[in-house]
Amino acid sequence: MTVQLNHTIVAAHDKEASARFLADILGLRVSPQYGPFIPVEIPGGVTLDYLDSPGTIAPQHYAFLVSEDEFDAIFGRIRQAGLRYWADPFHSRPGEINHNDGGRGAYFDDPSGHNLEILTRPYGSGG
């Protein structure tokens, strides 16, 4: 049996701005609108389908496994944009990155308050 995540819906205050934010930071492209959704395709075939959601949005966590070179490029865009970042998901270590499992990781927020993460080594992979 082959099971793969194909897409998930991401609630946003402004779906276009949130999709553009993610695509710009990760170096991806925003796909054309599909119904009420603005998709951002992640390599591997998964899309994050942004949807306008009125009212309060419960923050979700989205982690992106990237190469060392991609981390450098993405982290550079995070810093260039003046975004706040943390070494941990609880935002208790501001302005730091982590070195979990011998890699590097950082957390930052998107415009709707979702907690985004970039990491170069999967958790529990050693190092």
Taking chymotrypsin sites (Phe, Trp or Tyr not before Pro) as candidate sites, keep only those in a DSSP loop with at most 12 other Cβ atoms within 10 Å, then name the longest stretch of the chain containing none of them. 1-89
Neighbour net charge for Gly103 - beta-carbon separation under 11 angstrom, K R +1, D E -1: 0
Sequence order, the stretch 34-49: Karplus ³J(HN,Hα) from phi using 6.51 cos²θ - 1.76 cosθ + 1.60, θ = phi - 60°, Hz rounded, Gly and Pro as x, gives 10, x, x, 9, 10, x, 10, 7, 9, x, x, x, 8, 10, 9, 9
Using unit Cβ charges (K, R positive; D, E negative) and no other charged atoms, how large, in debye to the nearest 20, is the dipole of the chain about its Cα centre? 80 debye
Does anyone have the angle between helix 15-26 and the longest principal axis of the chain? Alpha-carbon axes, 0 to 90°, nearest 10? 30 degrees
Quantify, in whole percent, the carbon and sulfur part of the accessible surface of the chain (1.4 Å probe; protein heavy atoms only). 53 percent
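Excluding ligands, DNA and RNA, what is the solvent-accessible area per residue of the stretch 24-127 at a probe of 1.4 Å, expressed in Å²?
With the other protein chains kept in place, the stretch 24-127 gives 54 Å² per residue.
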Return the calculated 222 nm mean residue ellipticity for the chain, to the nearest 500 deg cm²/dmol, obtained by summing -39500 (n - 2.57) across DSSP H runs with n ≥ 4 and dividing by the residue count. -6000 deg cm²/dmol
From the mean inverse distance of alpha carbon pairs (Kirkwood) and the Cα radius of gyration, derive Rg over Rh for the chain. 0.97
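For the stretch 83-125, divide the Cα radius of gyration by the Kirkwood radius and give the resulting Rg/Rh value with two decimals.
0.98
Any chance you could list the semi-axes, whole Å, largest first, of the equivalent ellipsoid that the Cα gyration tensor gives for the stretch 1-51, using √(5λ)? Working shown, then result.
Numbers: eigenvalues 71, 33, 15 Å².
Semi-axes (√(5λ), whole Å): 19, 13, 9.
The values are calculated or read from the model by the stated rules, or taken from the named source; none is laboratory data. Worth saying up front: this structure is predicted, and the values here are computed from it rather than measured. Glycine gets a Cβ as well: all are built from the backbone with ideal geometry, and neighbour counts include every protein chain shown. Surface areas here come from the heavy atoms of the whole protein model, side chains and all, with no ligands, DNA or RNA. Shrake-Rupley method; radii C 1.70, N 1.55, O 1.52, S 1.80 Å.
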